Amino acid sequence: MSDRSYVVALDVGTSSVRAILYDHLARPVRGAAVHIRHEPRIGSDGTSEMDADKLVTLVLRSLVRLLRLAGAQRARSIAGVGVSTFWHGLVAADESARALSPVYLWSDTRSWKTIAQLQDRLDPEEVRQRTGCPIHPSYWPAKLAWLKSARPDLWSRPVRWMSFGDLLFWRMFGSLATSLSMASGTGLFRLADCGWDEELLSVLEVSPASLPPIGEAEQTLTPEHRLLLPQLADIPWLYAAGDGALANLGSGCLTPVNRALTVGTSGALRATHSVPPARIPQGLWCYRLDRKRVVIGGALSNGGNLRRWLLDTLRVTDGKLEDGLGRVVPGAHGLTVLPHLAGERSLGYAPHAFGAIAGITSATTAEDIARAGLEAVAIEFARVDRRLDEVIPGATTLVASGAALLRSPAWMQMMADAIGRPVAAGKANEASSRGAALFALEWLGLADPSKLDPGTGRVFRPRADLAATYKGIEARQESLYRALISDRILGN
């Protein structure tokens, strides 16, 4: 490997595909990056899915373009490929790796009605402690239970269940496997001993043989893909790992002292630890990066997607919103918002949550509503942060990543004020991508992530005089949530 000093990071997200070349110090190579945007199919019935074949095509296109941009000399010096993909996605395929379904994303909520049925047959808390995942539409158990009635044809023939990254590797290398990281995000995998959960599989009537075995890396592309990507044909490709765990690695959040605050399409607040906790606090999850590292945290289904919806629907410009966020006193608008437009994950995990705005008057402006929505997201993160303190105390800083947050200094300050902890702008603009590069460099023995901290930029410190104001906003938000969602669900 002495003459190979670069790695490729492939980052497949729910809104884009990125392929970036990194050097041996995990620095992106100038001019060697490809970014292709795409959009999932969204429906009012809770549909959120992508065409697997089209996504594979985008991935291959991005890699071909990247090799062209890298140039012949650099391309010959690529030592390996690290891959980051979105967690929780589910796709069915036949024995020839032909997709039999779309890729059902974490944000697809059509399976919400199966939650009560599963909870009647299983102990939900025991399942969450074993697998690190609640019984919720984001995860595979609910989706599989729903597909049994929505797609009965998938139960009348041989089917393999997998993530998108697994399908991609199956086609490119001719063998099917998955990583510990991706398996741990399915809701079907035991954290402690790293095996598929027999009780869940029995209840769902899913054969263990229909799930991928665990693997680490592949090295020999199929003849078809060797012709397309000759420079990558005989080097190690690490099986895809979850984007959230890699974001922690890429942003330098390797210990519980620094927590990773990510706001892209959705949002998450995560801490890295060496082992799963003895007990996972309510509302949080735990997934693996690998056998020696886990991430514990909470995820919000609404982050940059909510911000974009506010801007587009209210016809507010980025500049006008940013100026207003910095000038107006928090909560002065008198509004209370539930920011669950794309459903809810942490902390409540209500299976069919929705968004709401209360307190509108004839004096309410579009900017007021937009600000209230962003405040509501910050408050949701504050609740996750406090819950993390119950199991992994001692955090000093939140390291921010994700374009939706890093491009808005005013929202960064709002996060710090609402959470009550310093928020530092991470210097790794593409944290998941850099994490994939570091993961590959580490596996290849070319780098030690602990010695390659990317550092942080501007630090936003909480303003103590606003703490009581945000507590008041949070109390109103929780009251509205109980009235419209949690008490309503209990009443039904």
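The values are calculated or read from the model by the stated rules, or taken from the named source; none is laboratory data. Computed from a predicted model, the values in this text were never measured in an experiment. Here Cβ is always computed from backbone atoms with ideal geometry, including for glycine, and neighbour counts include all displayed protein chains. Remember, those area values only see protein heavy atoms, side chains included, never the ligands or the DNA or RNA. Shrake-Rupley method; radii C 1.70, N 1.55, O 1.52, S 1.80 Å.
Determine whether residue 75 is at negative phi, outside any helix (DSSP H, G or I) and open to solvent by less than 10 Å² (accessible area, probe 1.4 Å).
Against the criterion (at negative phi, outside any helix (DSSP H, G or I) and open to solvent by less than 10 Å² (accessible area, probe 1.4 Å)), residue 75 does not qualify.
Report the residue count in region 366-411 for those that are more than 17 Å from residue 282 (Cβ to Cβ) and either open to solvent by less than 30 Å² (accessible area, probe 1.4 Å) or in contact with a helix residue (DSSP H, G or I) (Cβ under 9 Å, 6 or more places away or on another chain) (or both).
So the count comes out to 29.
Please find, among 192, 209, 183, the residue that is more than 21 Å from the chain's Cα centre (by Cα) and part of a helix (DSSP H, G or I).
Of 192, 209, 183, the one residue that is more than 21 Å from the chain's Cα centre (by Cα) and part of a helix (DSSP H, G or I) is 209.
Restricting to region 355-364, what's the tally of residues that are free of Cβ contacts under 8 Å to residues at least 12 places away in the same chain and closer than 18 Å to residue 329 by Cβ?
Qualifying residue count, region 355-364: 1.
Mind checking which residues of region 272-308 are farther than 23 Å from residue 342 by Cα and open to solvent by 20 Å² or more (accessible area, probe 1.4 Å)?
Those that are farther than 23 Å from residue 342 by Cα and open to solvent by 20 Å² or more (accessible area, probe 1.4 Å): 273, 274, 275, 276, 277, 278, 279, 290, 291, 292, 293.
Looking at this structure, is residue 66 of a type in the set (A, V, I, L, M), part of a helix (DSSP H, G or I) and surrounded by 22 or more Cβ atoms within 10 Å (Cβ to Cβ)? Spell out how you get there, then give the answer.
Details: of a type in the set (A, V, I, L, M): yes; part of a helix (DSSP H, G or I): yes; surrounded by 22 or more Cβ atoms within 10 Å (Cβ to Cβ): yes.
Answer is yes for this residue.
Would you mind stating whether residue 44 is surrounded by fewer than 22 Cβ atoms within 10 Å (Cβ to Cβ), of a type outside the set (Phe, Trp, Tyr) and under 25 Å from the mean Cα position of the chain (by Cα)?
yes
Quick one: in region 133-151, which of the residues that are of a type in the set (Gly, Ala, Ser) and either under 15 Å from residue 348 (Cβ atoms) or touching a Lys or Arg at 6+ places or on another chain (Cβ under 8 Å) (or both) is most open to solvent (accessible area, probe 1.4 Å)?
Of all residues in region 133-151, those of a type in the set (Gly, Ala, Ser) come to 138, 142, 145, 149-150.
With the extra rule that they be either under 15 Å from residue 348 (Cβ atoms) or touching a Lys or Arg at 6+ places or on another chain (Cβ under 8 Å) (or both), the set shrinks to 138, 150.
On the way: 138: 2, 150: 49 Å².
Among those residues, the one meeting the criterion is 150.
Got a number for residues in region 119-172 being over 17 Å from residue 210 (Cβ atoms), part of a loop (DSSP other than H, G, I, E, B) and not hydroxyl-bearing (Ser, Thr, Tyr)?
8
In region 430-442, how many are open to solvent by 10 Å² or more (accessible area, probe 1.4 Å), modelled with pLDDT of 95 or more and out of contact with any strand residue (DSSP E or B) (no Cβ under 6 Å at 6 or more places or on another chain)?
Residues flagged as open to solvent by 10 Å² or more (accessible area, probe 1.4 Å), modelled with pLDDT of 95 or more and out of contact with any strand residue (DSSP E or B) (no Cβ under 6 Å at 6 or more places or on another chain) within region 430-442 amount to 2.
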